[in-house]
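Chemist: What follows is a single structure, and I will ask about it in a moment.
The values are calculated or read from the model by the stated rules, or taken from the named source; none is laboratory data. The shown structure was predicted, so the numbers you read here are calculated from the model rather than taken from an experiment. Virtual Cβ from ideal backbone geometry, glycine too; neighbours counted across all protein chains shown. Areas reflect the complete protein model, heavy atoms only, side chains present, ligands, DNA and RNA absent. Shrake-Rupley method; radii C 1.70, N 1.55, O 1.52, S 1.80 Å.
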Amino acid sequence: MGHPYAPPELELPGFVPLKLSQGEILVSYLGASLFVLLAVWLVSGRCGRLSKTDRLLMCWWAFTGLTHIMIEGPFVFTPDFFDEVWKEYSKGDSRYVARDAATVTVEGITAVLEGPASLLAVYAIASQKSFSHILQFTVCLGQLYGCLVYFITAYLDGFNFWVGPFYFWAYFIGANSFWIWIPMLIAIRSWKKICAAFQAEKVKTK
């Protein structure tokens, strides 16, 4: 049986076609994501005197942490779980449906390390822990490194894993871009906060 992925010569023994439509998959994923964002935003409003920026950061870390653990984790460890999501996404990057070794490795590290660390960041911000910015900065570097590996390996492997321009821009570029520009902004903010804290401590000790 043929498959809808690129390149056409890609071999997928035992491939089973999608059972759900693109609309059903995207609506379910986006709906669940919006629910998480809204829930965390509302709960964060009860966490004392948090700024709007901190509340937005809590929303991001909860979203990305759950994505790493609940979406990317099963892809690595229990491939049949959320199978439909990855079959749809593979129209933008067939390395997923082919279970490319480098892609599985990056996703595994992301799920195991960055997922829990992202949820820890939610707690750290809500509790105003002293390690909050160091943690956020570290996780951001991990996410940026993962994205670099993801795009560089795609280029080195032929850069031909999408079935058309829509899937290239919407899935391969668009969906992944959030894990580039958002971590960059957070890393810059946390770096400034860390530097300011060290500067303040230096002034105190003079």
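Chemist: Just give me a number: lysine pairs in the range 22-201, eight or more positions apart or cross-chain, with C-alpha atoms less than 30 Å apart.
Modeler: 5
Chemist: Next question, about the same structure. So, taking all protein chains as they sit and a 1.4 Å probe, how much accessible area belongs to L113, in Å² rounded to tens?
Modeler: The accessible area comes out at roughly 110 Å².
Chemist: On to the next question. Would you kindly give the portion of the calculated P(r) for the range 121-191 that falls above 16 Å, as a percent of all Cα pairs?
Modeler: Tail of P(r) above 16 Å: 57 percent of Cα pairs.
Chemist: Quick check: residue separation of E201 and A32 times 0.36 nm, minus the Cα distance between them. What number comes out in nm?
Modeler: Extra length available between E201 and A32 comes to 56.6 nm.
Chemist: Against the empirical 2.2 N^0.38 Å scaling, what ratio does the C-alpha Rg of the range 1-100 come to?
Modeler: Compactness ratio reported: 1.37.
Chemist: Taking the Cβ-Cβ separation of E24 and L144 as r and a Förster radius of 25 Å, what is the calculated FRET efficiency to the nearest 0.05?
Modeler: Result of the calculation: an efficiency of 0.20.
Chemist: Ordering T103, T78 by accessible area with a probe of 1.4 Å, largest first, what comes out?
Modeler: Largest to smallest exposure gives the sequence T78, T103.
Chemist: Largest first, how would D93, D83, D157 line up by accessible area (1.4 Å probe)?
Modeler: Sorted by accessible area, descending: D157, D83, D93.
Chemist: In addition: Mind putting a number on the dipole of the range 1-124 about its Cα centre? Charges go on the C-beta only, +1 for Lys and Arg and -1 for Asp and Glu, and I need it in Debye to the nearest 20.
Modeler: Using only the charged Cβ atoms, the result is roughly 680 debye.
Chemist: Okay, next question. At most 15 other Cβ atoms within 10 Å and a DSSP loop assignment: could you name the GluC sites (Glu not before Pro) in the range 1-60 that fit?
Modeler: E9, E11
Chemist: Please list K52, K193, K87 from largest to smallest accessible area, probe radius 1.4 Å, with all protein chains kept in place.
Modeler: Largest accessible area first, the residues go K52, K193, K87.
Chemist: Quick check on the chain: helices-only [θ] at 222 nm, where DSSP H runs of length 4 and up contribute -39,500 (n - 2.57) each and the sum goes over total residues. Nearest 500, please.
Modeler: About -20000 deg cm²/dmol.
Chemist: Given the range 61-179 reduced to its alpha-carbon atoms as identical point scatterers, what log10 I(q)/I(0) does the Debye formula return at q = 0.09, 0.13, 0.19, 0.22 Å⁻¹?
Modeler: -0.26, -0.52, -1.02, -1.27
Chemist: For the chain, state what percent of all Cα-Cα pairs lands in each successive 10 Å bin, counting from 0 Å until the bin that includes the largest distance.
Modeler: Histogramming the chain at 10 Å steps yields 8, 31, 32, 18, 8, 2, 1, 0 percent.
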